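Note sheet for the following structure.
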Amino acid sequence: MLLAGLRRGAGLAARCRDLFSRSPKGVPYCPTPFAVARQMLEFASVGPADVLYDLGSGDGRIPILAAQEFGCRAVGVEINGKLWRDSNDLVKRLRLEERVQFQRGSFFETDVRAATVVTLYLLTATNAALQFHLASQLQPGARVVTIDYPVPGWRAEQQVEVKSENNVSYLLFLYRRQAVPTAEGATAADLREV
């Protein structure tokens, strides 16, 4: 029984990585295992003072977990209408409406200026497409945590390998937004360094 569960877990991880590699936009729905989501939030030192944004929030597990177990306010951004509706329904059932919100739309157009933590499980190419948007809106000290796929051009403050419930390995990258030079001539290159 345990071996079958391990095979299923490894199979899910392989299937998700395969979906990511074949997706033209780099954002297929592939749920983050709960153990990995929890470790991701711990890795980012999420706490009650934080406002977490999960870009591509899928079924809403990361924002809901962040609010329930880490006490923060959370916002999930999901373009898929069914996943967005299901996430909102779950928040209502759990009576978390004051702490968790879900926005339907593209994370490329989402205002993330209120975020102190951003979580991403997207392809490297999608992370690259988001980097200027994040760097131009996040405040100094804000953290960005990605699963398996780094943000090109940004230096990770830390990276760590974690395991899912089924002992499948995932790599987490932690980035922290640095202060932007105050000179009027700040360039996009200045903003790339989180």
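State which residue is surrounded by the fewest Cβ atoms within 10 Å (Cβ to Cβ) when the search covers only the stretch 52-83 and only residues that are among the charged types (D, E, K, R) and in a strand (DSSP E or B). Full working, then the answer.
Our first condition is that a residue be among the charged types (D, E, K, R); within the stretch 52-83, this holds for 54, 59, 61, 69, 73, 78, 82.
Narrowing the set further to residues that are in a strand (DSSP E or B) leaves 54, 73, 78.
Numbers: ASP54: 32, ARG73: 20, GLU78: 27.
Restricting to residues being among the charged types (D, E, K, R) and in a strand (DSSP E or B), the top hit is ARG73.
What is the one condition in (1) over 18 Å from ILE62 (Cα atoms); (2) surrounded by 14 or more Cβ atoms within 10 Å (Cβ to Cβ) that ARG155 does not satisfy?
With respect to (1) over 18 Å from ILE62 (Cα atoms); (2) surrounded by 14 or more Cβ atoms within 10 Å (Cβ to Cβ), ARG155 is out only on (2).
If a residue has to be β-branched (Val, Ile, Thr), buried (at least 23 other Cβ atoms within 10 Å of the Cβ) and within 13 Å of the chain's Cα centre (by Cα) to count, how many in the stretch 90-125 make the cut?
Residues in the stretch 90-125 being β-branched (Val, Ile, Thr), buried (at least 23 other Cβ atoms within 10 Å of the Cβ) and within 13 Å of the chain's Cα centre (by Cα): 3 in total.
So is ASP111 in a helix (DSSP H, G or I) and at pLDDT 95 or above or not? Working first, answer last.
Values: in a helix (DSSP H, G or I): no; at pLDDT 95 or above: yes.
So ASP111 does not fit the description; no.
Inside the stretch 95-108, can you point out the residues that are at pLDDT 95 or above, in a loop (DSSP other than H, G, I, E, B) and either closer than 17 Å to ILE79 by Cα or touching a strand residue (DSSP E or B) at 6+ places or on another chain (Cβ under 8 Å) (or both)?
Matches in the stretch 95-108: ARG99 only.
The values are calculated or read from the model by the stated rules, or taken from the named source; none is laboratory data. This structure is a prediction, so every number in the text was calculated from the model and none was measured. Here Cβ is always computed from backbone atoms with ideal geometry, including for glycine, and neighbour counts include all displayed protein chains.
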